[in-house]
Amino acid sequence: MRTTRLLGSLTLAGAMLVAAGVTSTGPTSAEPSAPVSRSPHGPRYDIVVTKDVPITMPDGRVLRANIHAPADPETGKPASGPFPVIVGQTPYGKSGDQGSPGYSGLNPYLVKRGYIGVVVDVAGTGGSEGQSQLFGKSEARDGREVVEWAADLPHSNGKVGLLGISYLAIDQLFTAGAVGRHSPLKAIFPMAASIDPYRDLFTSGGVVNLESSLGLIAAYFGVRTTTPFSERPKNPLDALRLSLQHALAGIPFELKTGLDVLLQGDRVYDGSYWHERAPERVLRRIVRNNVAVYLVGGQWDVFQRGEPLLYSGLQNAAAGRPVTAPMAPGQKADPRFQLLTGPWTHANPGAGARLNRLQLRWFDRWLKGRKTGILDTRKPLHVIEPGGKTYDAARYPLTGAPTKRLYLEPDGALGGKPAPADGGGDHVVFTGLSPLCTRSTDQWAAGALGDLLAGTPFDCTKQRFPPGPEPGEVAYATRPLKKATTLAGPIGVTLRARSTRPETMFVVRLDDVAPDGTVTELTGGAQLGSQRALDRRRSWRSDKRAGYALPYHPMTRAAQRPVTPGKVTRYDIEVRPAFLTVPAGHRLRMTIGTGDLPHLLPPPLRLPQLLLGVYDVRHEAGAQSWVDLPIRR
């Protein structure tokens, strides 16, 4: 199970596996027979697998799939059905670890309960021909063709669903946007999906995410190049041909991306390349095509930012409102579009949440027409907090979670009153450095670090050590909380600061400080000063004056502008959303620094403008700095 989760990641976890020589394990055999159960949720069938089935695209390219069909437990022969079909589209090898709960695109739990499971190698990966696109338009068209093909399989009832994690989840969204209104595709179940890979994964406030970028380059290239040998083992010459073809795709993607990171090239900025790969642009089409969507995300997923925005975007599209806007007060939520978010990393979304049963209820409703009760809710945003507290909501940002503004004050205080006229400021020194073993490192490694250190005295992903702040950082903390405080939604920080250099790099972290001094990282964000320009039409305003709950920066080459040394400048910083409760007696602490290694990389070509930088963070009348927090009542 761990192998599947890590290979499904677009982050450093994948790079670690490639470095260790781990790839797909080859074709898996049918699961052993299980006794027939009278329980409606019990298994009724065995599984029979047909491997390496060709699917010919309109342009002649051949994709290849494994078909896992329900089989009679006594004869071992395919059951007559008819059965719905659930498809996973993977770049990581269709014959990898095929365990529950469907991270790999296949869930045997569902096949045993009357579904045909299909896993397809995405074009340019595994045993499939063509050019790898990383969510390009042709990949969505392939998805549409695969859906039509799957609906016509023997023993199919003509209805199709999609399943999978990470890359497979994003492909679900693009496929759902590419099919027509009368498509066989009725429902999808994307786990750990992005709304905007540029902002969710590749950068944070214009600062490149080094950890995930290296993981993407290493893991995606390595797995794509090696899986043909496990996917086409009986055809070694064909496997070698595919491997070489897949490797050549590294020139337009991995090599180009790596050079742009180092040389401040086009992909470091938002633009047409990233727009094409942002599921945000197809949400309205998904709703128009009548495809139901059940999202699963995580508090420490690499796509932590984007998953609630996918929910609000789909809800807005269903209500005829702008996809990128916050949901309106009083807006009714459509149960066809649901989100479950919890205390999970990218590698384990939904862990402990009975995903098998949830998927069965979802697909039984849409693909078998059964009344499972999964639509009987007016609040389809489901939250599981660290510690197990649960609640449901209808809209994002949440009704009943108004903004509480905490101001930066002298002497490291974080309070509810603006700083006085003589409040002054504090100095942050640019270093670009930070401890290497933190919850942030684990988050952007898809949970691999936490898995590695779990149960050891060296597990630094659960609490921060040293507790900070580091040299060059400043921290502001509340008094001990009189009652438990629940954060529920997007968080915006506004800093006013003077710099000694023409570029700045702010890294903001929100921590929970326990009475015994234990520090737990909650969430964070970053902002490159030259990319501070705001798109006010896309930014979500907070409940407080002149504040933003979710500032939106264009982050294009044209939008950048230098910082004027010595001038007080405003920086609006997006902090990734939080769904968690800070206990009574604890303190909330906001730390302002300049590093989050290995997650964030100071732009190499901007280092001359950053080095020796000192930032005077102001907290005085006329130059206030603050954090706007969503506090659930």
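Taken as a whole, the structure places residue 408 among residues that are within 30 Å of residue 327 (Cα to Cα) and in contact with a Gly (Cβ under 9 Å, 6 or more places away or on another chain). Quick one: would you say residue 178 is surrounded by fewer than 21 Cβ atoms within 10 Å (Cβ to Cβ) and touching a helix residue (DSSP H, G or I) at 6+ places or on another chain (Cβ under 9 Å)? Judged against the criteria, residue 178 is not a match. Filtering region 279-299 for residues that are farther than 26 Å from residue 523 by Cβ, in a loop (DSSP other than H, G, I, E, B) and of a type in the set (Gly, Ala, Ser) leaves an empty set.
Of all the residues in region 204-218, those that are over 26 Å from residue 246 (Cα atoms) and of a type in the set (S, T, N, Q) number 1.
Every listed requirement among (1) closer than 20 Å to residue 404 by Cβ; (2) in contact with a Pro (Cβ under 9 Å, 6 or more places away or on another chain); (3) surrounded by fewer than 23 Cβ atoms within 10 Å (Cβ to Cβ); (4) modelled with pLDDT of 95 or more is met by residue 633 save one, (4). Taking region 66-92 as the search range and keeping residues that are modelled with pLDDT under 95 and within 26 Å of the chain's Cα centre (by Cα), which one is nearest to residue 171 (Cα to Cα)? Checked region 66-92; the qualifying residue nearest to residue 171 (Cα to Cα) is 91. Taking the conditions exactly as written (surrounded by 24 or more Cβ atoms within 10 Å (Cβ to Cβ) and not hydroxyl-bearing (Ser, Thr, Tyr)), does residue 136 satisfy them or not? Criteria not met by residue 136. Only one entry of 423, 455, 450 meets the criterion of being farther than 30 Å from residue 622 by Cβ and touching a helix residue (DSSP H, G or I) at 6+ places or on another chain (Cβ under 6 Å), and that entry is 450. The sole residue among 130, 164 that is surrounded by fewer than 24 Cβ atoms within 10 Å (Cβ to Cβ), touching a residue at least 40 places away in the same chain (Cβ under 8 Å) and more than 30 Å from residue 504 (Cβ to Cβ) is 130. Does residue 354 satisfy being free of Cβ contacts under 8 Å to residues at least 40 places away in the same chain and of a type outside the set (A, V, I, L, M, F, W, C)? Considered against the rule, which asks whether it is free of Cβ contacts under 8 Å to residues at least 40 places away in the same chain and of a type outside the set (A, V, I, L, M, F, W, C), residue 354 comes out as yes.
Considering (1) within 30 Å of residue 610 (Cα to Cα); (2) of a type in the set (Ser, Thr, Tyr); (3) buried (at least 20 other Cβ atoms within 10 Å of the Cβ), the lone condition that residue 341 does not fulfil carries the number (1).
Residue 353 falls short on exactly one of the conditions (1) surrounded by fewer than 20 Cβ atoms within 10 Å (Cβ to Cβ); (2) outside the structural domain of residue 190 (by TED's automatic domain parsing), and that condition is (2). Is there a residue being farther than 19 Å from residue 304 by Cα and touching a residue at least 40 places away in the same chain (Cβ under 8 Å) anywhere in region 436-449? Checking region 436-449: at least one residue is farther than 19 Å from residue 304 by Cα and touching a residue at least 40 places away in the same chain (Cβ under 8 Å).
Just to be sure before I move on: is residue 369 at pLDDT below 95 and farther than 18 Å from residue 164 by Cβ in the structure I sent? Spelling it out, it is not the case that residue 369 is at pLDDT below 95 and farther than 18 Å from residue 164 by Cβ. Looking only at region 381-393, decide whether some residue is in a loop (DSSP other than H, G, I, E, B) and either surrounded by 15 or more Cβ atoms within 10 Å (Cβ to Cβ) or aliphatic (A, V, I, L, M) (or both). Yes: region 381-393 contains one or more residues that are in a loop (DSSP other than H, G, I, E, B) and either surrounded by 15 or more Cβ atoms within 10 Å (Cβ to Cβ) or aliphatic (A, V, I, L, M) (or both).
Within region 413-445, the set of residues being under 15 Å from residue 495 (Cβ atoms) and not in a strand (DSSP E or B) comprises 418, 419, 423, 424, 430.
Being acidic (Asp, Glu) and within 20 Å of residue 323 (Cα to Cα) holds for only one residue in 121, 142, 171, 152, and it is 171. Considering only region 622-633, state which residues are of a type in the set (Gly, Ala, Ser) and in a loop (DSSP other than H, G, I, E, B). Result: 622, 625.
The values are calculated or read from the model by the stated rules, or taken from the named source; none is laboratory data. These numbers come from a predicted model, not from an experiment. FYI the Cβ positions are ideal-geometry reconstructions off the backbone, even for glycines, and counts take in every protein chain you see.
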